[in-house]
Amino acid sequence: MKIVAVTSCPTGIAHTYMAAESLEEAAKEGGHSIAVETQGAAGANPLTDEQISSADVVVLAADVEVRNRERFAGKPTVVVPIKRAINDPGAVLDQAAALLAAALAPEPAPTAGSPPPPARVGGTPVRAEHGPSGATRVRQWLMTGVSYMIPFVAAGGILIALSFVIGGAQIATKVNGGTFHGVTYPGVTDISKLLAQTGVAGVMFKIGGIAFSMLVPILAGFIAYAMADRPGLVPGIVAGLIANAIGAGFLGGLVGGLLAGGVVLAILKIKVPKAVAGIMPVVVIPLISTLIVGFLMIAAVGQPIAAATRGLTDWLNGLNGSNAIALGALLGLMMAFDMGGPVNKVAYTFGLASLAAGNQQVMAAVMAAGMTPPLALALATAVRPGFFTKPEREAGNAAWLLGASFITEGAIPFAAADPLRIIPSLMAGSAVTGALVMALHASSPAPHGGIWVIGLIGKPLVWLVAILAGTVVSAACVVVAKGLGRRSLATPSGLAVESRKVAVAG
Amino acid sequence: MSELITTDLVDLDVKATERGEATAHLAGLLAAAGRVTDLEGFLADVAAREAQMPTGIEGGIGIPHARSRFVSAPTLGFGRSTAGVDFGAEDGPAHLIFLIAAPEGGDSDHMTILSKLARRLVHRSFREALLGAGDPQAIVDLVDKEVLGK
């Protein structure tokens, strides 16, 4: 095989060169060709573009950050501590060979449900990345974004839920302004007065909301990071912020992240003169990629979403007064479709408008249907933990509280990682819940709060049964869908492969 | 350019058994030869590097080293220990100790010599020759031959 390698250590006078020599000797012995870039004190000997593009596999033996790592984006890469390359270079090359074999195999991918645990060889953590089939790569990119997003969901969601517990569900209205159960609050515009006006609960609600506002930017940013390494981060995060600004929700962020990663990878392929190469990573790539991605997000994604939102709202208003059960099912489908995205917002806004017009049943249906997605995933991770990654299982634990508090976003990590299986499953259960609430005439005078406003709910037992039914339906669908998509994983002996960036967060 | 190593920078019977003591002993040889201008300062730089990640390598080797402003010329101090000195390698103590001193602003010629030295260290034949050398001059000759091609 053809290998390119980079060696790098803190001082750059000893280990860098020892590792280079060791790898070269081992490659000679094994009949491989190798080119090593020593990022040490004795001046630069950079790999040529030719060497990199013709290489089968990349070995990074480094205890400090490898410079210009983005050159290797998309190549199967073995990352080892530098001493390992000195002490046992043969094993490092074996590992590279196994990784290459895995990357070339027809179905080398981790199972759809759960990437294998972090690889450990000889007691040393080994991180590896490779380029398998298209669908699997997309899934790895999404998983990377999700794994960085989950802590934001957990921190923000639990803070919001706790603020309901401490301050009552009206805390959201106290902070944001509006009407809750007949009482109108002005809201807090000066955040420095938040504590004085709304107490600790209000502050917690606000912090949770701010943490939540980072969900989509982090998701988009780290999807792009998984694709294009560091240069992907800026356009990805900006795409996520724009997705927020245009109300595109997490699906918009998902699209934005993939777009940003793709644009950066395309820019990296362009050959530039040496004089410009130095400012490429710091100025040119962030500038150009952010401009392109931002423009597309605002012009090509934002406007259709705004138009679709208007159309959907008009259509829903036109349905008012028709079959209540069908309306409940439809609202359920919408609530679970994008969990805080534009479709969900249309349904929720419809619920608010109905409430203002005196119809409390629609609100009860909307709220219940928004609670089932996280609850269903919490249930699914509890009954079938093997179908989920470790970060997903942890998100599943938090999802009980988030779902109970009507924080539908608790389901986003699962939906973003595996949208095609998760979203339809969640829609099915939420439709059942929405229809049941309308059919059995439960009602809610509160626009949010979930289980914490149970005292205000009309026919609370019926309402709970509807939520339970939808939760079970969705969880069953999720388990079946995940089960259908599972494949067995052929792992080369002694080597497990994982997406490198997932390991960072997981 | 001054010699990378001379006989007075070689100790074939290092008595110290602790990493810091062994390093200080070899650094003392460098200071006595005028290669290190401030022993304390240099040792602090070496200790700082050692603290980042122990420099022991499998095969009984320790390579305490630093780039330091207290070093006047790129220099190798060599010590051999029968009992062994623990430099944090997984397979046991070091019997060959290479104290590599690089001047902080060292030009690339200096650094290239040290990089060649580092590359030779991974070769078993070089290590075995160093273990078998009978006197300091044999060590100096080996290094000159392998690293400088003399």
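The values are calculated or read from the model by the stated rules, or taken from the named source; none is laboratory data. Nothing here was measured: the structure is a model prediction, and the numbers come from that model. Cβ atoms come from the backbone with ideal geometry, glycine included; neighbour counts cover every protein chain shown.
So the values come out like this:
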read-out: Members of region B:6-24 found to be surrounded by fewer than 24 Cβ atoms within 10 Å (Cβ to Cβ) and either hydrophobic (A, V, I, L, M, F, W, C) or within 14 Å of chain A (Cβ to nearest Cβ) (or both), listed by number; value: B:Val10, B:Leu12, B:Val14, B:Ala16, B:Ala24
read-out: Residue among B:Ala27, B:Ala73, B:Ala31 that is modelled with pLDDT under 90 and either under 14 Å from the mean Cα position of the chain (by Cα) or within 14 Å of chain A (Cβ to nearest Cβ) (or both); value: B:Ala73
read-out: Sole residue being in the same structural domain as A:Phe406 (by TED's automatic domain parsing), over 21 Å from A:Ile457 (Cβ atoms), assigned to a helix (DSSP H, G or I) and touching a residue at least 24 places away in the same chain (Cβ under 8 Å), chosen from A:Leu258, A:Leu352; value: A:Leu258
read-out: Residue among A:Leu377, A:Leu331 that is within 19 Å of the chain's Cα centre (by Cα), crowded, with 24+ Cβ neighbours inside 10 Å, within 27 Å of A:Ala442 (Cβ to Cβ) and assigned by TED's automatic domain parsing to the domain that holds A:Ala435; value: A:Leu377
read-out: Condition check for A:Ala44: closer than 20 Å to A:Ala98 by Cβ and either over 37 Å from the mean Cα position of the chain (by Cα) or at the interface with chain B (Cβ under 7 Å from one of its Cβ atoms) (or both); value: no
read-out: A:Ala428, sole failed condition from (1) in contact with a Phe, Trp or Tyr (Cβ under 9 Å, 6 or more places away or on another chain); (2) modelled with pLDDT of 95 or more; value: (1)
read-out: Residues of region A:421-473 that turn out to be assigned to a loop (DSSP other than H, G, I, E, B) and small (Gly, Ala, Ser), as a count; value: 4
read-out: Residue, modelled with the lowest pLDDT, within region B:92-115, restricted to residues that are within 8 Å of another protein chain (Cβ to nearest Cβ) and surrounded by fewer than 19 Cβ atoms within 10 Å (Cβ to Cβ); value: B:Ser108
read-out: Filter pass, A:Ala299 being part of a helix (DSSP H, G or I) and touching a residue at least 60 places away in the same chain (Cβ under 8 Å); value: no
read-out: Qualifying residue in region A:36-44 (condition: in contact with an Asp or Glu (Cβ under 8 Å, 6 or more places away or on another chain) and polar (S, T, N, Q)); value: no
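Let's see how each residue does on (1) in a helix (DSSP H, G or I); (2) polar (S, T, N, Q); (3) surrounded by fewer than 19 Cβ atoms within 10 Å (Cβ to Cβ):
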{"site": "A:Glu21", "(1), (2), (3)": "yes, no, no"}
{"site": "A:Glu29", "(1), (2), (3)": "yes, no, yes"}
{"site": "A:Asn45", "(1), (2), (3)": "no, yes, yes"}
{"site": "A:Arg67", "(1), (2), (3)": "no, no, yes"}
{"site": "A:Ala85", "(1), (2), (3)": "yes, no, no"}
{"site": "A:Leu100", "(1), (2), (3)": "yes, no, no"}
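Results for (1) within 14 Å of A:Leu375 (Cβ to Cβ); (2) among the small types (Gly, Ala, Ser), shown as yes or no for each residue.
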{"residue": "A:Gly429", "(1), (2)": "yes, yes"}
{"residue": "A:Leu436", "(1), (2)": "no, no"}
{"residue": "A:Leu440", "(1), (2)": "no, no"}
{"residue": "A:Gly449", "(1), (2)": "no, yes"}
{"residue": "A:Ile454", "(1), (2)": "no, no"}
{"residue": "A:Leu461", "(1), (2)": "no, no"}
{"residue": "A:Leu464", "(1), (2)": "yes, no"}
{"residue": "A:Ala475", "(1), (2)": "yes, yes"}
